[in-house]
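The values are calculated or read from the model by the stated rules, or taken from the named source; none is laboratory data. Quick caveat, the model's predicted, so the values are computed rather than measured. Quick reminder, even Gly has a Cβ in these numbers, built from the backbone with ideal geometry, and neighbours come from all protein chains shown.
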Amino acid sequence: MTKISYNIEDKGWKKHFPHFKKYIGKAVNETLKQMDIKIDEDIVVSIFLTSNKEIKKLNNQYRNKNKPTNVLSFPMQSSSDGIHLLGDIVLSNQTLLEESIKQKVTKYDHLCKMTIHGMLHLLGYDHNTEKQFKRMNRFENIIFDNIKHLS
């Protein structure tokens, strides 16, 4: 079973993304399904929903980039008492809204894509090289296409 815990730090989430749980849940569960993750314990993913101001602080602290970003991932991969903590995903509603407008996609489609992106990082994927980028992007698109077909 997968459990998603939410920490909503910014009120803009409930205003701009009132159905965030539905879309984040789809993205988390479909990523685990498509990546064929077989863990015999309950999987826990923590979602921190914040603002540009807060994600900028985290981005600076952990990545030395003093600017807001759309998503940050903090893999844990630790198990205890039948629970497997996959890690934390941090999302900024303001950046997601701005990017969805620029990219001409719905805000919920972009939320799903960025959640998938964060999940793949939690599962050990990265995009530091062109080869890694192409591989991760291919997985993101497959998972996202499956979510779109479920809707």
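Picking from 22, 11, which residue would you name as being without any contact (Cβ under 8 Å) to a residue 24 or more places away in the chain and over 18 Å from residue 144 (Cβ atoms)?
On inspection, the qualifying residue turns out to be 11.
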- Hey, does the range 8-27 have a residue that's in a strand (DSSP E or B), under 15 Å from the mean Cα position of the chain (by Cα) and at pLDDT 95 or above? yes
- Message: Restricting to the range 36-46, count the residues that are more than 14 Å from residue 73 (Cβ to Cβ) and in contact (Cβ under 8 Å) with a residue 24 or more places away in the chain.
- Response: 6
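Tell me yes or no: at least one residue of the range 10-26 is among the acidic types (Asp, Glu), within 19 Å of residue 108 (Cα to Cα) and touching a strand residue (DSSP E or B) at 6+ places or on another chain (Cβ under 9 Å).
yes
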- Item | Any pair with Cβ under 6 angstrom, 6 or more apart, that starts in the range 84-96 at a residue that is closer than 16 Å to residue 10 by Cβ and without any contact (Cβ under 8 Å) to a residue 40 or more places away in the chain and ends at one that is of a type in the set (Val, Ile, Thr) and surrounded by 18 or more Cβ atoms within 10 Å (Cβ to Cβ) | none
- Message: All but one of (1) out of contact with any Ser or Thr (no Cβ under 7 Å at 6 or more places or on another chain); (2) within 21 Å of residue 18 (Cα to Cα); (3) touching a residue at least 40 places away in the same chain (Cβ under 8 Å) hold for residue 142; state the number of the condition that does not hold.
- Response: (2)
